[in-house]
Amino acid sequence: QLQLQESGPGLVKPSETLSLTCTVSGGSISSSSYYWGWIRQPPGKGLEWIGSIYYSGTTYYNPSLKSRITISVDTSNDQFSLKLSSVTAADTAVYYCARQYHYSGHTNFDYWGQGTLVAVSS
Amino acid sequence: QTVVTQEPSFSVSPGGAVTLTCGLSSDSVSTSYYPSWYQQTPGQAPRTLMYSTNIRSSGVPDRFSGSILGNKAALTITGAQADDESDYYCVLNMGSGIWVFGGGTKLTVL
């Protein structure tokens with residue numbers, strides 16, 4: 001059974017960089033037809049797609065966050081990571097990692113991590 | 001700025017039917033946007049209900065169905081049950097490697 005687990009600091013200071021890692025177990029991150037994505041959810045609000053990465057390193061970013069995001073992949077450890085720079089209180093959210101089936105336009109975020117709350121505060 | 005619209009809230013009676021919709025601020029939703037639907041209960045990660053408009057995810061009961069209704073994607077729930085009370089989100093594939101979530105619909109069963 002595929003599992004995803006987010007890890008990283010739960011508290012980040014304003015203007016600093018938020019860094020999270022998602023570890024994939026029970027399957028390979030190098031599987032074809034799958035992207036690996038980050039989605040966030042501010043407290044009491046809806047879901048927002050942040051960005052996705054293919055095992056080859058090809059990335060896709062939300063245009064509204066693109067200038068602050070870096071997503072990378074480590075295939076040897078079946079991990080992918082998110083860095084979000086210059087954070088503010090508006091970046092406080094539960095951050096989810098997810099596997100994203102993608103083939104010829106068809107998309108399905110089919111497996112999700114449990115989510116990790118990251119608060120931005122001094 | 002692309003906005004994916006959903007009803008903020010909806011209520012349905014137990015045993016009843018409800019259709020939630022997913023629209024675009026500046027276009028009609030078609031199968032070419034490959035709409036998918038997710039259910040989220042408080043404190044839990046979302047789970048897939050439907051993808052590619054009308055393909056039910058594994059384990060999802062056939063009380064849930066997806067379609068295009070007019071210019072929107074639609075998720076229909078029939079025979080509503082208490083545990084259908086959740087938040088429902090649609091996602092559209094905007095192309096060029098961009099996906100957009102709708103604002104979500106809070107469904108109450110009462």
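Looking across the range A:67-101, just one residue is open to solvent by 40 Å² or more (accessible area, probe 1.4 Å), under 30 Å from B:Ser32 (Cβ atoms) and either within 14 Å of chain B (Cβ to nearest Cβ) or part of a loop (DSSP other than H, G, I, E, B) (or both), and that is A:Tyr101.
Table: residues versus (1) crowded, with 22+ Cβ neighbours inside 10 Å; (2) over 13 Å from the mean Cα position of the chain (by Cα).
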| site | (1), (2) |
| --- | --- |
| B:Gln1 | no, yes |
| B:Val4 | yes, no |
| B:Glu7 | no, no |
| B:Phe10 | no, no |
| B:Pro14 | no, yes |
| B:Ser32 | no, yes |
| B:Tyr38 | yes, no |
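Got a sec? Which strands (runs of 3 or more DSSP E) wholly within the range B:5-110 have at least 2 residues that are touching a helix residue (DSSP H, G or I) at 6+ places or on another chain (Cβ under 9 Å)? Ranges flagged: B:18-24, B:64-69, B:72-77, B:87-95, B:105-109.
Across the range A:44-59, the number of residues qualifying as open to solvent by 10 Å² or more (accessible area, probe 1.4 Å) and either of a type in the set (Val, Ile, Thr) or in contact (Cβ under 8 Å) with a residue 60 or more places away in the chain (or both) comes to 2. Cβ-Cβ contacts under 9 Å between residues 6 or more apart (or on different chains), taken from a first residue in the range A:1-22 that is over 15 Å from A:Trp112 (Cβ atoms) to a second residue that is basic (Lys, Arg) and not in a strand (DSSP E or B), are listed as A:Thr17/A:Arg68. Tell me yes or no: at least one residue of the range A:21-36 is within 14 Å of the chain's Cα centre (by Cα), among the small types (Gly, Ala, Ser) and assigned to a strand (DSSP E or B). Scanning the range A:21-36 turns up no residue that is within 14 Å of the chain's Cα centre (by Cα), among the small types (Gly, Ala, Ser) and assigned to a strand (DSSP E or B).
The values are calculated or read from the model by the stated rules, or taken from the named source; none is laboratory data. This one's a predicted model, so the numbers in the text were calculated from it and none came from an experiment. Positions of Cβ are generated from backbone atoms using ideal geometry, with glycine treated the same way; all protein chains shown enter the neighbour counts. What goes into the accessible areas is simple: the full protein's heavy atoms, side chains included, and nothing from ligands, DNA or RNA. Shrake-Rupley method; radii C 1.70, N 1.55, O 1.52, S 1.80 Å.
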